[in-house]
Protein chains: 2
Amino acid sequence: MNIINQKFEIEYTFDIQFTNDLFKIDNPLLADFFRYHNTSNDQAKILFIIDSNVNKLHDQLQAKIRAYFETIPGISLASILILPGGEEVKNNSRYLEQVLTAVNNDGIDRHSYIAGIGGGAILDMVGYAAAIAHRGIRHIRIPTTVLSQNDSGIGVKNSINYFGKKNFLGTFVPPVAVFNDALFLTTLNDRDWRSGMSEAVKVALIKDKIFFDWLLENADSLRKRESKPMEYLIFKCAQLHNDHIASGDPFESGSARPLDFGHWLAHKLEYLTHFQLRHGEAVAIGIALDSIYSHRIGLISETDQDQILELLTKLGFSLSHPQLNQQDKLLEGLIEFKEHLGGQLTITLLSAIGIGLEVHEINTDVMKESINSLLQNYPD
Amino acid sequence: MNIINQKFEIEYTFDIQFTNDLFKIDNPLLADFFRYHNTSNDQAKILFIIDSNVNKLHDQLQAKIRAYFETIPGISLASILILPGGEEVKNNSRYLEQVLTAVNNDGIDRHSYIAGIGGGAILDMVGYAAAIAHRGIRHIRIPTTVLSQNDSGIGVKNSINYFGKKNFLGTFVPPVAVFNDALFLTTLNDRDWRSGMSEAVKVALIKDKIFFDWLLENADSLRKRESKPMEYLIFKCAQLHNDHIASGDPFESGSARPLDFGHWLAHKLEYLTHFQLRHGEAVAIGIALDSIYSHRIGLISETDQDQILELLTKLGFSLSHPQLNQQDKLLEGLIEFKEHLGGQLTITLLSAIGIGLEVHEINTDVMKESINSLLQNYPD
């Protein structure tokens, strides 16, 4: 009579579906989802949170959502909230408060749904609200940017920023469904179109040389905003991210975060530029830096390094930034990166194109030389 | 190229250990736990949050914790925070803020530990802080009351109150370990000693007639504060709760909450009395009411009903309260109970002593008669 062991498993499963014009009245995807998923006897409710940029660019969106939900039995539309997108919605907790207030006022319960439509930032915040209200409301993600459709919007994490620190509060809670709607890509500005592609470069570099070669071949078409190659890029990148989550350590209990290749610098640069630099733009610089560093410590050849820099440049990324001059401040990013995750410092580098390699030490002199090399070769 | 399925399982496991004087310098339990659990290469940190009542009653506790952690390799004590216990710590979010601030200031990361020492309320709040900071810090529960050692402190839920609603915010995140220290029971006042026993009555009623009979036999000893029967009560009750969590629906995705027998009224009474009524005291009244109701709708015999009321009375519970006169307000508790969980209204009643039964409708006339019966037979 001195010990009781508790042990159980929770299975998580959800689909990431690809479509065009999700809320078109005769698109059956969403209606089919609810027919299968909403098996409560009761009338379920759904609360929508829409990124204000998306709402502006798609002025029929709200009307289409209202019309669509008129046609679905067993589920009724509660409110539609329009909130700013971008990091602001994660920085200022009054937006989280607005979502929680809507949950309370609309009587959204644990068998109801909260759907977020927008970029990665608003989906992170909405996912967090859904995870903590009533200990978890069913959450649907409808990412609208390249970045969120191929990476940030399709995973199992959510968060807000707190104490001025990125993702200080958050949870690991999978959504019940993700819908990637290609229609939203058509209205992206060039920066958002481009910046999401850096995560595809990243995942190709650490996992899939064939995908890297494809990216290099198709870089010009991608830059010229051809839709077919972009749809393939998003699908392939989402698939690689998704497989990684399932096969590894989905809730990140260990120290490794191979998917964060190039990200220690990116997170720091985003903060130092007050998020003037987009996440994907910062990641492109982070990838360039850690590839140069990988070459300089003898892990990859100069040819490999140059191919990586060539691809990033062809896709239209700037590989430098005035903030790169603040080297000591940047290197603090390594400590913050470790602190957020805990445990040992673990940074992913490359041992070849297509193969990531974890290291637990960074030579700061070589890292500073690598930063200088970016500053010299890619003057801002 | 139109669908990707995500599917993975997460295994959760932790031990509930029973001991006496956990922080006694030669008690190896905690040191052994860290030797086994803390396999990071790094020096881990631990942050303690202690219920101010416990801290007052055990004035050597902080010194003992400091001395104990001097002896454990690989782990260092960060801060010790003293916060009020009871519902206040869940009602006012500045206490949550204090824990998060300590996490930030002390550099507590995802491989560090947060330990809560106190009753169910403070453990709920501390568990919530641990669940959301850095997307989840390792969390150790050290419950100090009968109620928290046998029920609220050993499970997988955490929460705070928000919008004036109990447990409006929270998550399902299991702790990494629970330590039930019998030493803390010795300093409980009579109300806290008694009130935790109602959860044992509850779980016996819905799951285990033999345990119910044991409770009836030992009611006098339990009321007289004999330690051996209380230790058995806590162990047995913790085991039944624990088995239920593992075998059922640990994160409560369905509509059923059989463990909440007697709780719809209890939650409402706690609020209406501004938590002057302890949770366990309210649960005793809730059990009495739902047992009377179970009899009146023909589910259990009068003998069974009377045995239940006899046990609760023998243990020293009051089975009435002036707030029982506010019948319409009380019945709102049924709606709120459903809303928190979502889906169909699901209330557990009894079909016999030892067997719970879920129903989806409540006859409000019969429920009101049952409330009147309590008011008449147990004048406050």
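Read-outs: derived from the displayed coordinates by stated rules, not from any lab. Being a predicted model, the structure only gives us computed values, none of them experimental. Positions of Cβ are backbone-derived with ideal geometry, glycine not excepted, and every protein chain shown enters the neighbour counts.
Structural remarks
- Averaging the sequence gap over all C-alpha pairs within less than 8 Å and six or more residues apart, then dividing by the number of residues, gives chain B a relative contact order of 14 percent.
- Summed residue charge, Cβ within 12 Å of A:CYS237's Cβ, Lys/Arg positive, Asp/Glu negative: -2
- In chain B, the DSSP-assigned H stretches of four residues or longer account for a calculated mean residue ellipticity at 222 nm of -14500 deg cm²/dmol, using -39500 (n - 2.57) per stretch and the full residue count as denominator.
- Region B:190-377: C-alpha gyration tensor shape, a/c 1.5 cut-off, then a/b vs b/c: rounded
- Here the spin labels are modelled as points 7 Å beyond Cα on the Cα-Cβ line, and at B:GLU302 and A:THR313 they lie 9.5 nm apart.
- Förster radius 35 Å - calculated FRET efficiency between A:THR364 and B:ILE3 (Cβ-Cβ, nearest 0.05): 0.20
- The phi-based Karplus calculation (6.51 cos²θ - 1.76 cosθ + 1.60; θ = phi - 60°) puts the 3J(HN,Hα) values of region A:154-171 at 10, x, 10, 9, 9, 4, 10, 8, 7, 6, x, 10, 5, 6, 5, 10, x, 9 Hz, whole numbers, x for Gly and Pro.
- Overall form of chain B per C-alpha gyration tensor (a/c, 1.5; a/b vs b/c): prolate
- Number of Lys-Lys pairs in region A:196-245 with C-alpha atoms under 15 Å apart and a separation of 8 or more places or on different chains: 4.
- Label 7 Å beyond Cα on the Cβ vector: A:GLY74 copy-to-copy distances, nm: 4.9
- Test item: B:128-140 mean partner chain Cβ contacts at 10 Å: 5
- Charged neighbours of B:ILE355, selected by a Cβ distance under 10 Å, balance to +1 (K, R count +1; D, E count -1).
- Candidate lysines - alpha carbon under 23 Å from B:LYS45, same-chain residues fewer than 8 apart omitted: A:LYS165, A:LYS166, A:LYS338, B:LYS24, B:LYS64
- Rounded to whole Hz, the Karplus (6.51, -1.76, 1.60) HN-Hα couplings of region B:59-69, x for glycine and proline: 6, 9, 4, 4, 4, 5, 4, 4, 5, 4, 6
- Rounded to the nearest 20 debye, dipole of region A:190-377 from Cβ charges on Lys, Arg, Asp, Glu: 420 debye
- Percent of beta bridges antiparallel (DSSP, chain A, rounded to nearest 5): 30 percent
- Using alpha-carbon coordinates, inclination of helix A:327-341 to the longest axis of chain A, degrees: 40 degrees
- Among the GluC sites (Glu not before Pro) in region A:189-259, those placed in a DSSP loop whose Cβ has at most 13 other Cβ atoms within 10 Å are A:GLU226.
- Straight-line cross-link partners of A:LYS7 among the aspartates and glutamates, defined as a Cα under 17 Å from its Cα and at least 8 positions apart when in the same chain: B:GLU9, B:GLU11, B:ASP15, B:ASP151, B:ASP243, B:ASP249, B:GLU252.
- Compared with the dominant principal axis of the Cα atoms in chain B, helix B:227-247 is inclined by about 90°.
- Taking label positions 7 Å along the Cα-Cβ direction at both B:ASP21 and A:GLN276, the computed distance is 6.4 nm, reported to one decimal.
- Rounded if a/c under 1.5, otherwise prolate or oblate - region B:1-85, Cα gyration tensor axes: prolate
- In order along region A:44-52, phi translates into HN-Hα couplings of 7, 10, 9, 10, 9, 10, 10, 4, 4 Hz, rounded to whole numbers, per the Karplus curve 6.51 cos²θ - 1.76 cosθ + 1.60 with θ = phi - 60° and x for Gly and Pro.
- Amide H contacts of A:LEU81 (H built 1.01 Å from N, under 5 Å, at least 5 apart or other chain): A:PHE48, A:ILE49, A:ILE50
- Acute angle (nearest 10 degrees) that the helix B:120-132 long axis makes with the longest principal axis of chain B, alpha-carbon atoms: 50 degrees
- Pseudo-label separations to other copies for B:SER93 - Cα-to-Cβ vector, 7 Å, nm: 0.5
- For region B:259-312, chymotrypsin sites (Phe, Trp or Tyr not before Pro) meeting the loop criterion (DSSP other than H, G, I, E, B) and having at most 15 other Cβ atoms within 10 Å: none.
- For a label point 7 Å along the Cα-to-beta-carbon line of A:GLU332, residues of region A:282-326 with backbone N under 16 Å: A:323-326
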